[in-house]
1. Hey, among the residues in region 94-135 that are modelled with pLDDT under 90 and open to solvent by less than 80 Å² (accessible area, probe 1.4 Å), which one's nearest to T78 (Cα to Cα)?
2. Give region 1-22 a look and list any residue that's surrounded by 10 or more Cβ atoms within 10 Å (Cβ to Cβ) and at pLDDT 95 or above, or say none.
3. When only residues in region 67-89 that are of a type in the set (S, T, Y) and out of contact with any helix residue (DSSP H, G or I) (no Cβ under 6 Å at 6 or more places or on another chain) count, which is farthest from Q31 (Cα to Cα)?
4. V70: outside any strand (DSSP E or B), of a type outside the set (D, E, K, R) and within 21 Å of N46 (Cα to Cα), yes or no?
5. Go through region 78-93 and give me each residue that's open to solvent by less than 20 Å² (accessible area, probe 1.4 Å) and over 16 Å from I14 (Cα atoms).
6. Limited to region 23-70, what total is found for residues that are open to solvent by 60 Å² or more (accessible area, probe 1.4 Å) and β-branched (V, I, T)?
7. Identify the single condition in (1) outside any helix (DSSP H, G or I); (2) in contact with an Asp or Glu (Cβ under 9 Å, 6 or more places away or on another chain); (3) without any contact (Cβ under 8 Å) to a residue 40 or more places away in the chain that Y26 does not satisfy, given that it satisfies every other one.
8. Quick one: which of L60, L32 is under 12 Å from the mean Cα position of the chain (by Cα) and assigned to a loop (DSSP other than H, G, I, E, B)?
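The values are calculated or read from the model by the stated rules, or taken from the named source; none is laboratory data. Being a predicted model, the structure only gives us computed values, none of them experimental. So basically every Cβ, Gly included, is an ideal-geometry build from the backbone, and we count neighbours across all protein chains shown. Heads up: the accessible areas ignore ligands, DNA and RNA and are worked out on the full protein's heavy atoms, side chains in. Shrake-Rupley method; radii C 1.70, N 1.55, O 1.52, S 1.80 Å.
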Amino acid sequence: MSTTVDTSPASPEIRAARPADADRVYALLEQLEPAYSPDRVAFDANFPLLLDDASTSLLLVAADATGSVVGYALTTITPLLHANGSSAHLQELVVDDAHRGEGVGTAIVEEVERLCRERSVRQITVASRRSADFYERIGYRSSADFLKRTF
């Protein structure tokens, strides 16, 4: 009989975001990058739209054993001509600073991929400047430069 205690964190529950998750998702958004400052008014306008539009967006959260939201992912899905079907773009992935390295991000991405396969999505893209190593570690490969113009 072993007396070793398992101290590894439990796998998070990955589920669709709910209206009650808004404050916690916003707090995670504030951790996204130091140069970024989210606008709560814009967030409050967009969060319910994303929850209601399940055909073109997936807003998932990761909850720990206590039910606290410790990560989220926002993925948009759109039909494309050159993809021979729909393409998903993982727009945002944020894991709470205190829970990084515990497999939360990987679990969220795996659920995004599973749901995309269910919807016959042909490809998933992600733009990442700071987290390319994470995505490459779970099977993503660089295929293009991503350029942005902000209005």
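1. Among those that are modelled with pLDDT under 90 and open to solvent by less than 80 Å² (accessible area, probe 1.4 Å), it is T125.
2. E13, I14, R15, A16, A17, R18, D21, A22
3. S86
4. For V70, the condition - outside any strand (DSSP E or B), of a type outside the set (D, E, K, R) and within 21 Å of N46 (Cα to Cα) - is not met.
5. Taking region 78-93 and keeping what is open to solvent by less than 20 Å² (accessible area, probe 1.4 Å), we get 83, 87-88, 90.
Hits for region 78-93 are A83, S87, A88.
6. 2
7. (1)
8. L32
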